[in-house]
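For reference, the structure discussed in these notes is given below.
The values are calculated or read from the model by the stated rules, or taken from the named source; none is laboratory data. Keep in mind the model is a prediction, meaning the values are calculated, not measured. Here the Cβ positions follow ideal geometry from the backbone for every residue, glycine too, while neighbour counts run over all protein chains shown. Accessible surface is based on the protein model in full, side chains and every heavy atom, while ligands, DNA and RNA are left aside. Shrake-Rupley method; radii C 1.70, N 1.55, O 1.52, S 1.80 Å.
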Amino acid sequence: MNLMMILITGILTFTGVYLVLSKNLIRIVLGTSILSHASNIFLLSMSQAGKNVPIIGNGEEYVDAVPQALILTAIVISFAITAFLLVIVYRTYRYTQHNHIDALGGHDE
């Protein structure tokens, strides 16, 4: 299970970085979304069952709730960032009629 999570996280990270480094604005937005999913899976892989909680002390297994709360917060933040980036890409496309980064450069003087 742990090896599978590591492989999925690595593949998503590679795909996200590849898309962020492209020159198409929509691919950059998709890359940031995929990178946020990779970080969520990474946080999920850190929340494993443990033993011997200091407060309870009876040796029952538990799951740490902090990574799950971080994932829930990260989902909300990544949704807001993705929506914001899509609005910026849409406004940029309406203004310049281009969806490519090379077309957004300034004029040579």
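When S22 is tested against the conditions (1) assigned to a helix (DSSP H, G or I); (2) modelled with pLDDT of 85 or more; (3) polar (S, T, N, Q), the lone failure is (1). Does the range 80-102 hold any residues that are open to solvent by 80 Å² or more (accessible area, probe 1.4 Å) and in contact with a Ser or Thr (Cβ under 9 Å, 6 or more places away or on another chain), and which are they? Across the range 80-102, the qualifying residues are I81, H98.
Residue-by-condition table, conditions (1) at pLDDT 85 or above; (2) of a type in the set (G, A, S); (3) in a helix (DSSP H, G or I):
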site	(1), (2), (3)
I8	yes, no, yes
T13	yes, no, yes
I28	yes, no, yes
N52	no, no, no
I55	no, no, no
A83	yes, yes, yes
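Residues of the range 1-27 that are surrounded by fewer than 17 Cβ atoms within 10 Å (Cβ to Cβ), closer than 27 Å to Y95 by Cβ and hydrophobic (A, V, I, L, M, F, W, C): V20, L21, I26.
Summed over the range 85-99, the residues that are free of Cβ contacts under 8 Å to residues at least 24 places away in the same chain and either assigned to a helix (DSSP H, G or I) or within 18 Å of S36 (Cα to Cα) (or both) give a count of 7.
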